[in-house]
Amino acid sequence: MTARRGPGQAPPPEAQGAQEAQGAQPAQDGHPSWEALAEAVAGCTRCPELAAARTRVVPGRRPPSARLLVVGEAPGAQEDASGEPFVGRSGQLLDEVLAGAGLDRAQVAVTNTLKCRPPANRKPRRAETERCRGWLRTQIALLDPAVIVTLGGSAAEWFFGPGVRLGALRAEPLTWEGRRVVATYHPSAAIRWGPAGAPLAALREDLRTAAALVAAA
Ligand code: URA
């Protein structure tokens, strides 16, 4: 998989060309801190439909000492209303699974591939994800996490490209631009499949793996 590069390796020129062709935004340089970036994101109007429909932008949360970054898809209704990531049902399950892995949300940075809620919680469109890409890239650079966890297909695609399959990604150790990544199911899938479903078991296992990677880093 092209995105599984070794530490410090730059993306291959053909990948850079593909990004440009998709209209990808470069990292939003010039923001000295996560907080400064969050302020800038709050005024973003690159996606007119999302900017018009949103109540609040949801840049994400970053405890200063966070070494783990969790990346979801996009804010839902409760996140849009509060401006905070993962505060609804998925967020409650995320907290429970983090706790089961020995992790406290207060130690973990949490954000999304999109910072605005898509109307009626529809899937993010490719063009929206690309317009928003620079914000997350800069958040990663500012945070410099030891480990990144992606929740669900959209977040996995942000890192590893369109069409990747979670089952395949879970089967191997992943790196993205030299960083350890654990790709797992979205809590909403775990809720949908129920307590005995495979996604919840996978989510629990994968967050334990992420916690061990953080402890070893
Ligand atoms: N689902 C997400 O992907 N992100 C949130 O912040 C909430 C629900």
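Just so it is clear, none of the values below were taken in a lab; they were calculated from the coordinates. Keep in mind that this is a model prediction, so the values were computed, not measured. As a convention, Cβ positions derive from the backbone with ideal geometry for all residues, glycine included, and neighbour counts pool all protein chains shown.
Could you give the size of the charge dipole of the chain about its Cα centre, using +1 on the Cβ of each K and R and -1 on the Cβ of each D and E, expressed in debye and rounded to the nearest 20? Numbers along the way, then the final one.
Working: 26 positive and 21 negative charges, 65 e Å.
Here the chain has a charge dipole of around 320 debye.
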In terms of the charge dipole of the stretch 30-216, which places +1 on Lys and Arg and -1 on Asp and Glu at the beta carbon, the residue among Ala81, Pro162, Gly102 farthest towards the positive end is Pro162
Inter-part gap, Cα centre of the stretch 87-145 to Cα centre of the stretch 146-193, in whole angstrom, is 12
Burial-style ranking of 205-217, 37-49, 174-186, 78-90, average other-beta-carbon count within 10 Å with highest first, yields 174-186, 78-90, 205-217, 37-49
Packing-ranked peptide list from 195-201, 59-65, highest mean Cβ count within 10 angstrom first, is 59-65, 195-201
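Ranked highest first by the average count of other Cβ atoms within 10 Å around their residues, in what order do 152-158, 137-143, 66-72 fall? Could you put the intermediate results ahead of the total?
On the way: 152-158: 22.6, 137-143: 19.4, 66-72: 24.4.
In decreasing order of mean packing, 152-158, 137-143, 66-72 become 66-72, 152-158, 137-143.
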antiparallel share of DSSP beta bridges within the stretch 65-217, to nearest 5, in %, is 20
Under the helix-only model (-39500 (n - 2.57) for each DSSP H run of 4 or more, divided by the residues of the chain), the mean residue ellipticity at 222 nm, to 500 deg cm²/dmol, is -13500 deg cm²/dmol
